[in-house]
1. Would you mind computing the Rg to Rh ratio of the stretch 329-472 from its alpha-carbon coordinates, Kirkwood style for Rh?
2. For the stretch 292-381, what is the convex hull volume of its Cα atoms per residue in Å³?
3. With a Förster radius of 35 Å, plug the Cβ-Cβ distance of residue 145 and residue 381 into 1/(1 + (r/R0)^6) and report the FRET value to the nearest 0.05.
4. Per-residue counts of other Cβ atoms within 10 Å, averaged by peptide: what ranking do you get for 62-73, 440-451, highest first?
5. For 154, 179, what ranking results if the residue with the fewest other Cβ atoms within 10 Å of its Cβ goes first?
6. Give me D for the stretch 97-158 in µm² s⁻¹, whole number, from Stokes-Einstein with Rh from the Kirkwood sum over alpha-carbon pairs, 4 °C and 1.567 mPa s.
7. Would you order 437, 159 from fewest to most other beta-carbon atoms within 10 Å of each residue's own beta-carbon?
8. Quick one: 351, 359, 456, fewest Cβ neighbours within 10 Å first, how do they rank?
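Read the figures in this text as sums done on the coordinates, not as results from a lab. This one's a predicted model, so the numbers in the text were calculated from it and none came from an experiment. Quick reminder, even Gly has a Cβ in these numbers, built from the backbone with ideal geometry, and neighbours come from all protein chains shown.
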């Protein structure tokens, strides 16, 4: 299969076929090929299940645009459920790297928490001390008197503490490695727009021309409504977004999300899934614009279980089940810059009290981001968004002034309005796994592991009660 060749990413673990004799005939369809879906496909395949992954190919896929920060210990100080999920996700990365046996851009480079006023570091220092006994992998927290020695472009006015266990990872590389490993064990990958029938079967519509559908295939961008409180509209009920919602559920976390760029549009209706017209049949239950992008024949995929890992599009995929999932997209724009001739591969992650984050990668690359914009399904890089990222980045690291902007990326992060991530069964056949917000690359593979366990009828590795969907 093009893009996911056999013979690469083979598993080294002896547990590869542990339950194969029991579940070898079980068929599972995974809707979504981002990091959660890929993680689920990998775990299912190594247990012997027959797996089909549906790659929607939507523009704005969050995995493709994630920066790659793995540092859960500084976030969600008052939300143990969120923290538990991200901590366990981070904890499992070293083992995953060993299993996959290939370079996924993972490296423990440490994180510098920086602030102009040293007193501003005290709350996060206290948080880290409190959490360290339960997370020794974060390493010994130390003060850094001259942080620019570790990250040369930084302002010389900053104070910092170092969290040595923090890591960065290449989200695209992780996702591709997981899919390659799944394919090498027999999984298939199909491209098209997938929706569910009322009884939980998968209906796949493939583009006639073989092209990839775009973000508009499930929801158009909506205009702002002046004076209205931003909300997620679900089943005719508006769910206002709280301050915690706007920061990806971070509350008073150290790594606060930056405010949206001036002039960015926050829509009261953009976060709602499009409504299916009355009288529409299940086989045609697709959002406005889908028909144009996926006008080919609909195919019913046989499955004993279905995992919906469709990111911000999960609510629309699941709508035919008669459930309303308040999942909406949050746009994040980031940029990649290069410092010619400078070795940035082992620079630490930079986490200011208020955005932006900065981190180095091989090939003289530095990533800066991200905007936080509730603008609906609008995966566009904007002038205002880039201006916000560049100005904020140069305040923290003025030494990047002459860096070359080499790439911009934009992703639609899936946010679950009521609280932390959304993971659990919707019906006896369908499991949903989404809503990781800005923490997809931290917790994505682990969330896929949870979803795989649920689909196979196994006990998940952690208690999923806090993340279970409320379908009432």
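1. That ratio equals 1.08.
2. It is 215 Å³ per residue.
3. Approximately 0.40, to the nearest 0.05.
4. On the way: 62-73: 24.8, 440-451: 27.8.
Per-residue mean Cβ counts within 10 Å order the peptides as 440-451, 62-73.
5. Working: 154 23, 179 26.
Ordered by Cβ neighbours within 10 Å, fewest first: 154, 179.
6. Using the Kirkwood radius from Cα pairs, D works out to 92 µm²/s.
7. 159, 437
8. The order, fewest Cβ neighbours first, is 456, 359, 351.
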